[in-house]
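The values are calculated or read from the model by the stated rules, or taken from the named source; none is laboratory data. Computed from a prediction, not measured in an experiment: that's the story for all the values here. Positions of Cβ are generated from backbone atoms using ideal geometry, with glycine treated the same way; all protein chains shown enter the neighbour counts. Note: accessible area is taken over every heavy atom of the protein model, side chains too, but ligands, DNA and RNA are not part of it. Shrake-Rupley method; radii C 1.70, N 1.55, O 1.52, S 1.80 Å.
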Amino acid sequence: MNGQVPSLLDRPKHERIRSKAAALREVFYEGDPLTGLERDIERMYVTEKYTKQQKYKKRNSMRFKVVWSMSDFNRLQEQKNYRMNDMEYFGTSKPTFIPFDLDDSLSHMYTHQDIMKTNKVRRIFSYFTDTKAYQRGQKRSQMQSMILLQRILMYIDSWEFVNSMDIPNDFHINHSIANMHIWLLHQRLRDFSENKFAFQLREELIDAYNTMTSQEMDEVDVLRKAKKIEDLDNYMFAIRRNFDFHFYINGKSVENPYYKVDALVWSSIFHEKVPRYSEQVYKMSEYLIQHFKYLQSLKFTDIERGEVDWSAYKVPFNYQTKVERINPPLSEEDFQREHDSPYKVKKYHYSFRLPEELTEDNLQRTYINLCTNAFFHNKDKTVREENLDLDSLTSQEREKVIYKLKKELEDMSAVADHQDSFFSPVMKSPTQTQFGIWKKNLFIPLTDQLEEQAQRKFDEQNEAKRRAKEQNLAFRQEVSGLHDIDAQDRKLQ
């Protein structure tokens, strides 16, 4: 502790003392090492104690009064470090969990029945209602999804995540971060296309998340609560659909996920409530990509047991450089000029309608990704590149086919903002209004979009001609630093 190094003669004694101290510290903070049966008995005890404590809060009856501590609550959530040891000395800045082994718990059911001397009829009834249902079935998937969601929520509320990622205290942002973690698990479970239990688990995971949203909103005293819950669920669904389009459908972002990922995070997670090029945006962008890659290494059993290592420390130190290398930020002057411009498609917004994304090559790749079973079932593609041979067409036919491709992509990639069925038809809620604000640039009608691109090119050509004409004038010499024509224009306005 004081920095001294033991001598070679005292080294064995020092190692014995050190290992004994480590064992005592582990017992103090994590408890005695338990067998599967002992852990199952402890789980039953803590669950029954929690049930009595909830009854006492509801009925205020002394016969249900128990001493319920934070350590008990952490043990109920199956944390290894349930005493939450001091992170300054031991570095446990996040909760670590015991693997959720439901099969091991089911194997101890017969031992519990022997201890309780359960009769034969009751054993048979328990086999069909509990054992068989939790071996494989909806009950098993529901319990696993609740455990996964609980561990996600506890991690994103941990000291490590909140402080490392610099997360603001905002409901929409925190709810969208949880939604991002749900999507990461959902897309990985979708890879196990031939596993019907993976399909069931991913559907139950979304249901558990929507149920949690409803429970959180039930405590809020607002009018038309059911409608607002429905709008919020569809809001989160539209964001998950955006993630799907970015990582699996859009040709350029499928090829390189870093392409426009900062704009995606700024819109879909931070909802434009933080500065566009802040460190928070770049950190969360790298966090999303790193965990997207990490989850590809997990097996279905790892996710079932809740052994997902969420960690903000997966973000490398050069996170901003990696994102900016693909997405160069606008200067402060260019950002302000773009913000004040009349164009609907802003360069700093997340949009699938930039000129480089509307090329023939990218349209073909995007269309193939969108119209394929591989996206949902990991199987062969139903639309192949050789069926979209544009080189054999005349210029007029090619232009017609490209226009049809754009229109079909526009129809197939519509989200909640443009489908009234996603929201209740009574009136637009504030949630839908907010969704429309930051989504308004995503799906602009094709004719307006082409007209705007032509106008933007025309303006750029006029600006280039003006600068070329005035390049020899004194106030155009930027090296001298005497005058700036753009600054002068702003002052005159």
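Going residue by residue through the range 269-277, is there one that turns out to be assigned to a helix (DSSP H, G or I) and either at pLDDT 90 or above or over 13 Å from Met180 (Cβ atoms) (or both)? Give the steps one after another, and end with the answer.
Step one: list which residues in the range 269-277 are assigned to a helix (DSSP H, G or I), which gives none.
No, that holds for no residue.
Among Phe28, Phe64, which is of a type in the set (Phe, Trp, Tyr) and within 22 Å of Thr96 (Cα to Cα)?
Numbers: Phe64 fails: within 22 Å of Thr96 (Cα to Cα).
Criteria check complete, one pass: Phe28.
Within the range 81-179, which helices (runs of 4 or more DSSP H) (wholly inside it) include 3 or more residues that are at pLDDT below 85?
Details: elements: 87-90, 102-107, 109-116, 120-126, 132-135, 138-156, 159-165.
Passing ranges, in order: 87-90, 102-107, 109-116, 120-126, 132-135.
For Val281, work out the one condition from (1) open to solvent by 10 Å² or more (accessible area, probe 1.4 Å); (2) in contact with a Phe, Trp or Tyr (Cβ under 6 Å, 6 or more places away or on another chain) it doesn't fulfil.
Val281 satisfies every listed condition except (1).
Quick one: count up the residues across the range 231-267 that are of a type in the set (S, T, N, Q) and open to solvent by less than 20 Å² (accessible area, probe 1.4 Å).
First pass over the range 231-267, keeping only residues of a type in the set (S, T, N, Q): 234, 242, 250, 253, 256, 267.
Then keep just the ones that are open to solvent by less than 20 Å² (accessible area, probe 1.4 Å); that gives 242, 250, 253, 267.
So the answer is 4.
Please list, ordered by first then second residue, the pairs with beta carbon atoms under 8 Å, 6 or more apart or interchain, first in the range 13-39 and open to solvent by less than 100 Å² (accessible area, probe 1.4 Å), second of a type in the set (Gly, Ala, Ser) and part of a helix (DSSP H, G or I).
Matching pairs, first to second residue: Gly36/Ser105; Gly36/Ser107.
Give the number of residues within the range 162-183 that are more than 13 Å from the chain's Cα centre (by Cα) and open to solvent by less than 10 Å² (accessible area, probe 1.4 Å).
Here the count works out to 1.
List pairs: first residue in the range 333-360 and within 17 Å of Phe458 (Cβ to Cβ), second residue among the hydroxyl-bearing types (Ser, Thr, Tyr) and not in a helix (DSSP H, G or I) anywhere in the structure, Cβ distance under 7 angstrom, at least six positions apart or on different chains.
What qualifies is Glu338/Tyr348; Val345/Ser351.
Between a first residue in the range 455-476 that is in a helix (DSSP H, G or I) and a second residue that is modelled with pLDDT of 75 or more and aromatic (Phe, Trp, Tyr), which pairs have beta carbons less than 8 Å apart while being 6 or more apart in sequence or on different chains?
Listed pairs, sorted by first residue: Gln455/Tyr343; Arg456/Tyr343.
Does Val308 fit the bill of being aliphatic (A, V, I, L, M), closer than 30 Å to Gln135 by Cα and at pLDDT 90 or above? Can you show your working first?
Working: aliphatic (A, V, I, L, M): yes; closer than 30 Å to Gln135 by Cα: yes; at pLDDT 90 or above: yes.
Spelling it out, Val308 is indeed aliphatic (A, V, I, L, M), closer than 30 Å to Gln135 by Cα and at pLDDT 90 or above.
Do we find a residue being without any contact (Cβ under 8 Å) to a residue 24 or more places away in the chain and either in contact with a His (Cβ under 8 Å, 6 or more places away or on another chain) or hydroxyl-bearing (Ser, Thr, Tyr) (or both) anywhere in the range 200-210?
Yes, there is a match, as at least one residue in the range 200-210 is without any contact (Cβ under 8 Å) to a residue 24 or more places away in the chain and either in contact with a His (Cβ under 8 Å, 6 or more places away or on another chain) or hydroxyl-bearing (Ser, Thr, Tyr) (or both).
Would you mind stating whether Asn234 is in a helix (DSSP H, G or I), more than 16 Å from Lys139 (Cα to Cα) and in contact with an Asp or Glu (Cβ under 6 Å, 6 or more places away or on another chain)? Show your work before the answer.
Values: in a helix (DSSP H, G or I): yes; more than 16 Å from Lys139 (Cα to Cα): yes; in contact with an Asp or Glu (Cβ under 6 Å, 6 or more places away or on another chain): no.
In short, no.
Name the single residue that is most open to solvent (accessible area, probe 1.4 Å) among those in the range 91-131 being among the small types (Gly, Ala, Ser) and free of Cβ contacts under 8 Å to residues at least 60 places away in the same chain.
Gly91
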